[in-house]
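A.B. asks: Okay, here's the structure, questions in a sec.
The values are calculated or read from the model by the stated rules, or taken from the named source; none is laboratory data. As the structure is a computational prediction, the values presented were derived from the model and not from experiment. Using ideal geometry, Cβ is built from the backbone for each residue, glycine included, and neighbour counts are taken over all protein chains shown. These accessible areas exclude ligands, DNA and RNA; they are computed on the full protein's heavy atoms, side chains included. Shrake-Rupley method; radii C 1.70, N 1.55, O 1.52, S 1.80 Å.
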Amino acid sequence: MATASKEADNAIGLEEIHTENQEPPKGQRTFTVEEAVETIGFGRFHIMLFLIMGSTGVAEAMEIMLIAVVSPLIRCEWQLQDWQVALVTTMVFFGYMVFSIVLGLLADRYGRWKILLLSFLWAAYFSLLTSFAPSYIWFVFLRAMVGGGVSGHAQGLIIKTEFLPTKYRGYMLPLSQVFWLAGSLLIIGLASVVNPTIGWRWLIRIASIPGILLILVFKFIPESARYNISTGNIAAATATLQKIAKMNGAVMPEGVLREPTKERRGRFKDLMHPKYLRTTLQIWIIWLGIAFAYYGVILASAELLERDIVCGSAAPLVQDPGDDSEESRSPCHCHMFGPAAYQTMIISTAGEIALNPLNILGINFLGRRLSLCITMGCTALFFLLLNICTSSAGMIGFLFMLRALVSANFNTIYIYTAEVYPTTMRALGMGTSGSLCRVGAMVAPFISQVLMSASFIGALCLFAAVCIVCAISAFTLPIETKGRALQVCI
């Protein structure tokens, strides 16, 4: 009996328990997961959830940002042309695009927690293998596999969304950007020390450590109660909610948990349901454009630093007149980042948190749609401002603001997408959106690293035009999710 009692107290992870879907006795009070989440409120559990699930952003940022800081080294080691360097990033996001849909589909059918764990194991494994890549081809293939694993990290955001009370989602979810910023700054800082000393292969090995450590603490996070109830797993959902209430020092609603079981979950045709068709199409456009702009800024920053582009035109690399070596004449731009370049990257990356307070206020007071429309419009403006001939400090300032704006865009669209879809298709909705997002990310390298070399102003105008299209799409979204309860089904 003591063992059984102890197991009941620790039943937060009992996602495999199933009970018959019996009707409650006549007159007995019932409550839904939404009502339970709102009644329990915010507390210790949510702080733990925020720290652990938020930290997935650290691992994801380090793996995604890794290419920006190793590009100059692999360019030199394998004597790569511009398109070959761009292809590395494109293939990372190709892997992300393919697996994002598959993992989103699986998460709606088999659970968010399992897919999150699987994705971390996958990403860590292939990331470590990348550090032993014997050739450029192997490097590209293995990084594509890493991208596939990283795509599953979005399930961490879904778990957070499904456990947070409505009034806290607009505040807590944007704060997760702190973890992405931490991961970005960490990989840049490590690169400035590791790359010049023990090399990029050791940088990749070190970058995989946070993801491995996170795997060890996932056991403290339960499967989503909303997912369990959608599958008819009432006992597991109830146990999870009771544990959360105990941790938060709150009480459960009176009665028994009861919601209809949804047998049909994670179906592509649901995304095209008349109720969500327009929303889905516009969300896809916005995700594609935001990723195009975000990774365009990151890779353009690296190109500006690597090639020493000034005053909006591609200036030739400054060379020592007496250095007539083959390397100095190489078309592969073998030009390493120095301390000043890493410092500039850190400053511009820090911009990702600069507008976070304003972004949170906009999301919660102006609403998701208007807030996203404003930040996308400002992003277009700052892309155009990069054409202005300015000092190095001015260029850093523009990059700082661009990073702040593109980060705010991602914050808002993540929240909106997680809120607008019902539980039965939320992971699939995020997965397909993330997949379209990576299409934009796949194109961005060829604009930032290839087209920019041929036409600086042309590349920047293209980025600005895409942002304007996204601003219009955001403004005309048919559903506003501010203050809206999460839906269970269509």
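A.B. asks: Place the peptides 270-280, 125-135 in order of packing, highest mean first, counting for every residue the other Cβ atoms within 10 Å and averaging per peptide.
C.D. replies: Working: 270-280: 15.5, 125-135: 17.3.
Top to bottom by mean Cβ count within 10 Å: 125-135, 270-280.
A.B. asks: Here is a follow-up. So for the pair LYS114, THR39, with labels modelled 7 Å out along Cα→Cβ, what separation do we get in nm?
C.D. replies: Those two pseudo-labels are separated by 3.0 nm.
A.B. asks: Rounding to the nearest 20 debye, state how big the charge dipole of the range 39-157 is about its Cα centre with +1 on each Lys and Arg Cβ and -1 on each Asp and Glu Cβ. Before the final figure, lay out each step's value.
C.D. replies: Working: 6 positive and 5 negative charges, 72 e Å.
Roughly 340 debye, rounded to the nearest 20.
A.B. asks: Looking at the square roots a ≥ b ≥ c of the eigenvalues of the Cα gyration tensor of the range 43-108, which shape do they give, rounded for a/c under 1.5, prolate if a/b is larger than b/c, or oblate?
C.D. replies: On the way: a/c = 5.96, a/b = 1.85, b/c = 3.23.
Oblate, since a/c reaches 1.5 and b/c is not below a/b.
A.B. asks: May I ask which residue of PHE93, LEU106, TRP202 lies farthest towards the positive end of the charge dipole of the range 30-262, with charges of +1 (Lys, Arg) and -1 (Asp, Glu) on Cβ and the Cα centre as origin?
C.D. replies: Looking along the dipole axis, the top candidate is TRP202.
A.B. asks: Sorting check: for 137-150, 245-258, 95-108, which peptide has the highest mean count of neighbouring beta carbons within 10 Å, and how do the rest follow? Before the final figure, lay out each step's value.
C.D. replies: Numbers: 137-150: 21.9, 245-258: 15.3, 95-108: 23.6.
Ranked by mean Cβ neighbours within 10 Å, highest first: 95-108, 137-150, 245-258.
A.B. asks: Let me ask another. Full-extension gain between SER453 and ASN248, please, as 0.36 nm times their residue separation minus the C-alpha to C-alpha distance.
C.D. replies: Numbers: separation 205, 0.36 × 205 = 73.80 nm, distance 5.54 nm.
68.3 nm is the gain from fully extending SER453 to ASN248.
A.B. asks: What is the dipole size for the range 103-232, taken about its Cα centre, with +1 at each Lys and Arg Cβ and -1 at each Asp and Glu Cβ, in debye to the nearest 20?
C.D. replies: Details: 11 positive and 3 negative charges, 25 e Å.
The calculation lands at about 120 debye.
A.B. asks: Pop out the ³J(HN,Hα) list for the range 58-65 in order, Karplus 6.51 cos²θ - 1.76 cosθ + 1.60 with θ = phi - 60°, rounded to Hz; leave Gly and Pro as x.
C.D. replies: 3J(HN,Hα) across the range 58-65, in whole Hz: 5, 5, 5, 4, 5, 6, 6, 6.
A.B. asks: Work out how much length ILE209 to ILE472 would gain on full extension: take 0.36 nm times their residue separation and subtract the Cα-Cα distance, in nm to one decimal.
C.D. replies: Working: separation 263, 0.36 × 263 = 94.68 nm, distance 4.09 nm.
In short, 90.6 nm is gained.
A.B. asks: By per-residue mean of other Cβ atoms within 10 Å, what is the highest-first order of 342-349, 424-431?
C.D. replies: Numbers: 342-349: 20.5, 424-431: 27.4.
Top to bottom by mean Cβ count within 10 Å: 424-431, 342-349.
A.B. asks: Apply the Karplus parameterisation 6.51 cos²θ - 1.76 cosθ + 1.60, with θ equal to phi minus 60°, to every residue of the range 205-214 and state each ³J(HN,Hα) to the nearest whole Hz, in sequence, with x for glycine and proline.
C.D. replies: 4, 5, 5, 7, 4, x, x, 5, 5, 5
A.B. asks: How charged is the neighbourhood of VAL420? Take every other residue with its Cβ under 14 Å from the Cβ of VAL420, and add Lys/Arg as +1 and Asp/Glu as -1. Please report the intermediate quantities before stating the final value.
C.D. replies: On the way: positive: ARG169, LYS275, ARG278, ARG368, ARG369, ARG426, LYS482, ARG484; negative: GLU162, ASP270, GLU419, GLU480.
That works out to +4.
A.B. asks: A further question on this structure: If you average the sequence gap of Cα pairs under 8 Å that are 6 or more apart and divide by the length of the range 30-262, what percent do you get for the contact order? Please report the intermediate quantities before stating the final value.
C.D. replies: On the way: 318 pairs, mean separation 87.3, N = 233.
RCO, the range 30-262: 37 percent.
A.B. asks: On the accessible surface of the range 30-262, probed at 1.4 Å, how many percent belong to carbon and sulfur atoms? Walk me through the intermediate numbers first.
C.D. replies: Details: 5660 of 7860 Å².
Reported share for carbon and sulfur atoms: 72 percent.
A.B. asks: Which residues' amide hydrogens lie under 5 Å from the amide hydrogen of THR30, considering only partners 5 or more residues apart or on another chain, with H built in the peptide plane?
C.D. replies: Here the answer is VAL256, since their amide H atoms fall under 5 Å of that of THR30.
A.B. asks: Please give, to one decimal in nm, the separation of the simple spin-label points placed at SER391 and ILE347, each 7 Å out from Cα toward the Cβ.
C.D. replies: 1.0
A.B. asks: Let me ask something additional. For the range 30-262, how many pairs of lysine residues have a Cα-Cα distance under 24 Å, where the two are 8 or more positions apart or belong to different chains?
C.D. replies: Counting lysine pairs in the range 30-262 gives 12.
A.B. asks: Which value, in debye to the nearest 20, describes the size of the charge dipole of the range 30-262 about its Cα centre when Lys and Arg Cβ atoms bear +1, Asp and Glu Cβ atoms bear -1, and nothing else is charged? Before the final figure, lay out the partial values.
C.D. replies: On the way: 17 positive and 12 negative charges, 64 e Å.
Rounded to the nearest 20 debye, it is 300 debye.
A.B. asks: If I model a spin label as a point 7 Å beyond the Cα along the Cα-Cβ vector, how far apart are those points for ALA485 and VAL256 in nm?
C.D. replies: 2.1
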